[in-house]
Amino acid sequence: MSLTRLKSPRVLAGLMGMAVVLAVGLAPGSAIADDKGSEAVKQEAIAKAAAKARGKAKDPSATRTRHQQPQAEPSGTTVGLVVGFKSDVSATASARSLSAAGLRASTANPLAALRAHRVTVARADSAKIAAELRADPAVAFVETDGVAYATDVTPNDPAYPDQTELRQITVPAAWDKTTGSAVTVAVVDSGVTQIGDLTGAVLPGRDFVNSDNDPVDDDGHGTAVASLIAGRGNNGVGMAGACWQCKILPVKVLDATGSGSYSNVAAGIVYAADQGAKIINISLGGYSSAAVLQNAVNYAVGKGAALYASAGNDLLSDRLYPAAYEGVIAVGGTGDDGERYIDCWFICTGSNWGSDWVDIAAPFCTVAQNLAGFGTADESDDYTTFCGTSASAPMVSGVAALVKSHNPNANAWSLNNSLTSTAVLRVYTSFFRYGEIRADRAVVTVDSTAPRITGATPANNTRFRGAVTLGATGVSDAGGSGLHRGVLYANGKYVGQDYSAPFAVKYNSGRSNGTVKLQWRVYDRAGNSAVYNRSLIADNTGPKVKVTSAPKNGAKVKGTVTVKASASDPSGVNRVELLINGKVVAKDTKAGYAFKIKVSKYGKKIKMQVRSYDKVGNVAYAPARTWKR
């Protein structure tokens, strides 16, 4: 089939105000002409486009289309506040803090894992309430709930004959290795409707816009995104996504206008991570940062998820969030030359850029499912041209899913490294940190070589008391990803870990005795591990010691008195000491322990006691005897 460009594309205007998340999609048009073939010509166009974008952002009279961003602070009589609490504050205490400010905590709180609440307050009272909450020592932050927007879905005439962008990033060559498996990819977006090539690919999900479990797509953006990730290929109809057997977890955080609150986006990311999704696609963003969004990213990363997010379509180097957060791979868009996409067909638009924050890139325009076209008499309306970094990000997520399919044990670091280390950087190095992805290289660039550990300290079956520091020796990594951490277990239970080689962890045996089975597990950054076992013997019991010959308790003594003692211990006896009136007056290190006491050196009343130390430091006392002189 062939596709032609729509005559009336939707156009994305510049951002207005704070906290705006947009899903980046634009109408393709004629590329910038560069008659001189010079960077100077391209940079001049970039500068003009950026100035135009910024100008529109400042011009309140600028005309808006359906996917243009409205004012970040919406009109109305109420405003949403996101209240974050400190890590040591309980749910009960946070509810009391809200109550003190005249607010009520919701029992169904999707932000509970982030220790945050969203509350709605009267706009006239919002500043006062926010100030009261910020003065509460239990509160970590209070922020106005931002607004997230879908990157524009701009459908074109659905008759384009080929998905050339897949060949551009070498997806067909990657299919020689794998066409995918049942890897779950979460799509945090406007929902997903199971139509066309997504039939059988969509799992049950969550709708945070309407607070239900029916994340149907009423905008079309999320469905288009999902089709690029998991559209069923080789089925004789439609188009092919990257991962033909992957599963889509739909997480609806944007409404029918393609917009949604930061708190819903954060809740959606948390939900995806809690459902076990190891790949999360976020084709949306806003130019202001927010603690609740950063915390959600940190939460998902802590759960082991790899996050891929759109960098934006405004020809700007300004950072878009959550793409710009550490732990997220920011995805820019490229043209068919592999360089940053720039389009001046109607107005100049194209991928945001910046090698200090945009990590990798994928084609800016592609073919995707058109939700609005399904059910029409003309089947050519079922698929359309989808442009923007909202399209670039799912192509990256789809390739990451191929990598995960081919290497099931690959962790988030491995997925990200496979993409970044094999990307191709073109002539202009200031646009993207690593360049445009290459799927065929990525699927085979995963470190599956386990690190090495050849020994441990102390030596096997060493006896010890109390606490002992265990060391891992002969640790190295030949796979190339580098050592990450060493984790120590005792009798199958976690003890601790160290992130700096050579690894060392302290183990406290408490009052236990006997053999302790210790195990080092050494991991590289790719998640591969090696194991080394060692046994030590915990000895927290003092030696057996007794007086075998000496005047009886209460006896009268004179001249020189002889005291003899015996001592034994599994760890060996280190020494036996004689104490007179609480002070050590003699020591003996050889069995057959004997001491001679000249009693005239001491007072009228003499308290005699014998104690013994074993070789690991345990001590024991024989019963004391008191003499008179």
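Structure values in brief
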item: Hydrodynamic radius of the stretch 544-628 per Kirkwood, over alpha carbon pairs, in Å; result: 12.9 Å
item: Reachable aspartates and glutamates from LYS587, criterion Cα separation under 12 angstrom, eight or more residues apart if same chain; result: GLU577
item: Filtered GluC sites (Glu not before Pro), the stretch 310-381: DSSP coil and at most 12 other beta carbons within 10 Å; result: GLU326
item: Given (1) 41; (2) 53; (3) 58, the label whose value is percent of Cα pairs over 35 Å apart derived from this model; result: (2)
item: Amide hydrogen neighbours beyond the local backbone of GLN245, cut-off 5 Å, H modeled; result: SER181
item: Filtered chymotrypsin sites (Phe, Trp or Tyr not before Pro), the stretch 325-417: DSSP coil and at most 16 other beta carbons within 10 Å; result: TRP345, PHE346, PHE374
item: For the chain, with +1 on Lys and Arg beta carbons and -1 on Asp and Glu, the positive-most of GLN519, ILE195, SER99 along the dipole; result: GLN519
item: For PHE141, PHE432, order by how many other beta-carbon atoms lie within 10 Å, fewest first; result: PHE141, PHE432
item: ³J(HN,Hα) computed for each position of the stretch 92-100 - Karplus, 6.51 cos²θ - 1.76 cosθ + 1.60, integer Hz, glycine/proline x; result: 5, 5, 5, 5, 5, 4, 5, 4, 4
item: Cβ charges +1 (Lys, Arg) and -1 (Asp, Glu), total dipole of the chain, debye; result: 7860 debye
item: Among ALA439, GLY220, SER566 the positive-end extreme of the charge dipole of the chain (Cβ point charges); result: SER566
item: Calculated FRET value between LYS556 and ASN533, using beta carbons and R₀ = 56 Å, to 0.05; result: 0.40
item: Within the stretch 78-145: Cβ-based charge dipole about Cα centre, in debye rounded to nearest 20 (Lys, Arg +1; Asp, Glu -1); result: 80 debye
item: Calculated FRET efficiency for the pair ALA591/TYR494, C-beta based, R₀ 30 Å, to 0.05; result: 0.10
item: Built amide H within the under 5 Å cut-off of TYR321, gap 5+; result: GLY286, TYR287, SER288
item: For ALA306, residues with placed amide H under 5 Å, excluding near neighbours; result: ILE279, ILE280
item: For the stretch 562-610 and the stretch 317-384, distance of Cα centres in Å; result: 85 Å
item: Filter on LYS247/LYS404; LYS404/LYS493; LYS552/LYS583; LYS544/LYS607; LYS128/LYS252; LYS590/LYS615 - keep pairs with C-alpha separation over 24 Å; result: LYS404/LYS493; LYS128/LYS252
item: Computed magnitude of the charge dipole of the stretch 455-538 (debye, nearest 20; Cβ of K, R +1, Cβ of D, E -1); result: 400 debye
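Values quoted throughout were computed directly from the atomic coordinates according to the rules given, and no laboratory measurement underlies them. Just so it is clear, the structure is predicted and the values come from calculations on it, not from any experiment. Note: ideal-geometry Cβ built from the backbone for every residue, glycine included; neighbour counts use all protein chains shown.
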